[in-house]
Amino acid sequence: MKLYFKQRFFSWFSSYDIYGEDGETVYTVEGQLAWGHCLHILDRYGDHIATVRQRLWTFLPRFDLYVRERYIGCVQKEFYLLTPRYRIECDGWQVEGSFTEWNYTVRDGNDALVATVSKELFRLTDTYLIDVVQEKDALHALMLVLAIDAEKASRSQ
(Lines give C-alpha, C1' and ligand atoms only; values in the text may rest on other atoms or scores of the structure.)
Protein backbone atom coordinates (compact mmCIF):
# COMPACT_ATOMS: atom_id res chain seq x y z
CA MET A 1 0.00 0.00 0.00
CA LYS A 2 1.38 3.38 -0.97
CA LEU A 3 0.53 6.52 0.97
CA TYR A 4 1.30 9.98 -0.37
CA PHE A 5 1.87 12.43 2.47
CA LYS A 6 1.51 16.08 1.46
CA GLN A 7 1.61 19.11 3.75
CA ARG A 8 -1.01 21.75 3.02
CA PHE A 9 0.42 24.92 1.49
CA PHE A 10 -1.52 27.44 3.59
CA SER A 11 -1.84 26.18 7.16
CA TRP A 12 -1.24 27.88 10.50
CA PHE A 13 -0.50 24.54 12.12
CA SER A 14 0.97 21.35 10.72
CA SER A 15 -1.76 19.95 8.50
CA TYR A 16 -1.40 17.15 6.01
CA ASP A 17 -3.49 15.20 3.59
CA ILE A 18 -2.62 11.54 3.11
CA TYR A 19 -3.65 10.02 -0.21
CA GLY A 20 -3.81 6.43 -1.39
CA GLU A 21 -2.61 5.18 -4.75
CA ASP A 22 -6.02 5.99 -6.27
CA GLY A 23 -5.68 9.67 -5.28
CA GLU A 24 -8.43 9.44 -2.66
CA THR A 25 -7.86 10.87 0.82
CA VAL A 26 -7.11 8.05 3.28
CA TYR A 27 -6.18 10.16 6.34
CA THR A 28 -6.14 13.82 7.30
CA VAL A 29 -3.68 15.14 9.89
CA GLU A 30 -4.51 18.29 11.82
CA GLY A 31 -2.16 20.12 14.14
CA GLN A 32 -3.48 21.45 17.42
CA LEU A 33 -2.43 24.65 19.15
CA ALA A 34 -0.40 23.34 22.09
CA TRP A 35 3.00 23.47 23.71
CA GLY A 36 5.00 21.16 21.48
CA HIS A 37 3.58 19.27 18.55
CA CYS A 38 0.18 17.61 18.83
CA LEU A 39 -1.08 15.99 15.64
CA HIS A 40 -4.51 14.39 15.32
CA ILE A 41 -5.09 11.79 12.63
CA LEU A 42 -8.58 11.50 11.17
CA ASP A 43 -9.86 8.74 8.91
CA ARG A 44 -11.48 9.40 5.54
CA TYR A 45 -14.81 10.05 7.30
CA GLY A 46 -13.40 12.69 9.65
CA ASP A 47 -13.35 10.46 12.74
CA HIS A 48 -10.41 10.87 15.14
CA ILE A 49 -8.38 7.63 15.15
CA ALA A 50 -4.87 8.48 16.42
CA THR A 51 -2.64 11.15 18.00
CA VAL A 52 1.08 11.95 17.88
CA ARG A 53 1.93 14.14 20.88
CA GLN A 54 5.29 15.63 21.81
CA ARG A 55 6.20 15.05 25.44
CA LEU A 56 7.49 18.23 27.04
CA TRP A 57 10.28 18.62 29.54
CA THR A 58 12.47 15.84 28.17
CA PHE A 59 16.20 16.20 27.47
CA LEU A 60 15.78 15.03 23.85
CA PRO A 61 12.55 15.21 21.83
CA ARG A 62 10.05 12.41 22.49
CA PHE A 63 6.73 11.77 20.79
CA ASP A 64 4.05 9.55 22.31
CA LEU A 65 1.80 7.60 19.94
CA TYR A 66 -1.86 6.87 20.67
CA VAL A 67 -4.48 4.94 18.71
CA ARG A 68 -7.72 6.44 19.86
CA GLU A 69 -6.89 6.87 23.59
CA ARG A 70 -4.62 3.80 23.92
CA TYR A 71 -0.86 4.43 24.23
CA ILE A 72 0.99 2.23 21.71
CA GLY A 73 4.58 3.49 21.98
CA CYS A 74 6.95 6.37 21.40
CA VAL A 75 9.63 7.79 19.14
CA GLN A 76 12.57 9.44 20.89
CA LYS A 77 15.57 11.15 19.44
CA GLU A 78 18.85 9.74 20.72
CA PHE A 79 22.04 11.67 21.36
CA TYR A 80 24.40 11.01 18.45
CA LEU A 81 26.94 13.35 16.89
CA LEU A 82 26.96 12.47 13.21
CA THR A 83 23.39 11.91 12.07
CA PRO A 84 20.00 11.96 13.77
CA ARG A 85 19.04 8.66 15.44
CA TYR A 86 15.75 7.59 16.94
CA ARG A 87 14.71 4.95 19.45
CA ILE A 88 11.40 3.44 18.41
CA GLU A 89 9.18 1.75 20.98
CA CYS A 90 6.32 0.66 18.77
CA ASP A 91 5.67 -2.81 17.38
CA GLY A 92 9.36 -3.75 17.84
CA TRP A 93 10.22 -1.65 14.79
CA GLN A 94 13.62 -0.24 13.86
CA VAL A 95 14.41 2.59 11.48
CA GLU A 96 17.44 2.56 9.16
CA GLY A 97 18.65 5.03 6.60
CA SER A 98 19.39 8.65 5.97
CA PHE A 99 17.23 10.95 8.07
CA THR A 100 18.97 14.02 6.66
CA GLU A 101 17.94 13.04 3.14
CA TRP A 102 14.59 11.60 4.32
CA ASN A 103 15.00 8.18 2.77
CA TYR A 104 14.70 5.38 5.26
CA THR A 105 13.26 1.93 5.86
CA VAL A 106 11.26 0.55 8.75
CA ARG A 107 11.85 -3.07 9.78
CA ASP A 108 10.20 -5.26 12.37
CA GLY A 109 11.95 -7.26 15.10
CA ASN A 110 12.55 -10.13 12.64
CA ASP A 111 14.30 -7.76 10.19
CA ALA A 112 11.36 -7.99 7.76
CA LEU A 113 10.58 -4.85 5.77
CA VAL A 114 7.56 -2.95 7.10
CA ALA A 115 7.79 0.25 5.02
CA THR A 116 10.06 2.53 3.02
CA VAL A 117 9.85 6.30 3.27
CA SER A 118 11.17 8.80 0.75
CA LYS A 119 10.84 12.56 0.52
CA GLU A 120 10.18 14.18 -2.83
CA LEU A 121 12.53 17.06 -3.38
CA PHE A 122 11.87 20.41 -5.04
CA ARG A 123 8.27 20.70 -3.84
CA LEU A 124 6.67 23.79 -2.29
CA THR A 125 5.48 21.74 0.70
CA ASP A 126 6.77 18.59 2.40
CA THR A 127 5.78 15.60 0.29
CA TYR A 128 6.60 12.00 1.19
CA LEU A 129 5.90 8.57 -0.20
CA ILE A 130 5.29 5.89 2.44
CA ASP A 131 5.30 2.44 0.83
CA VAL A 132 3.85 0.01 3.40
CA VAL A 133 4.22 -3.73 2.81
CA GLN A 134 1.05 -4.73 4.72
CA GLU A 135 -1.98 -2.45 4.86
CA LYS A 136 -2.51 -3.22 8.57
CA ASP A 137 0.75 -1.34 9.35
CA ALA A 138 -0.22 1.84 7.46
CA LEU A 139 -1.48 3.88 10.43
CA HIS A 140 1.50 3.07 12.66
CA ALA A 141 3.94 3.81 9.81
CA LEU A 142 2.23 7.17 9.23
CA MET A 143 2.50 8.00 12.95
CA LEU A 144 6.22 7.19 12.89
CA VAL A 145 6.81 9.46 9.89
CA LEU A 146 4.81 12.28 11.51
CA ALA A 147 6.88 12.06 14.70
CA ILE A 148 10.19 12.16 12.80
CA ASP A 149 8.96 15.03 10.61
CA ALA A 150 7.83 17.00 13.69
CA GLU A 151 11.20 16.46 15.38
CA LYS A 152 13.03 17.66 12.29
CA ALA A 153 10.74 20.72 12.06
CA SER A 154 11.47 21.55 15.72
CA ARG A 155 15.19 21.24 15.11
CA SER A 156 15.14 23.59 12.10
CA GLN A 157 13.20 26.36 13.90
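The residues of the stretch 33-46 that are of a type outside the set (A, V, I, L, M, F, W, C) and at pLDDT below 90, listed by number, are G36, H37.
Checked against (1) at positive phi; (2) at pLDDT 95 or above, G23 passes all but a single condition, namely (2). Scanning the stretch 47-102 for residues that are within 24 Å of G31 (Cα to Cα) and of a type in the set (S, T, N, Q), we see that the one that is modelled with the lowest pLDDT is T100.
The values are calculated or read from the model by the stated rules, or taken from the named source; none is laboratory data. Keep in mind the model is a prediction, meaning the values are calculated, not measured.
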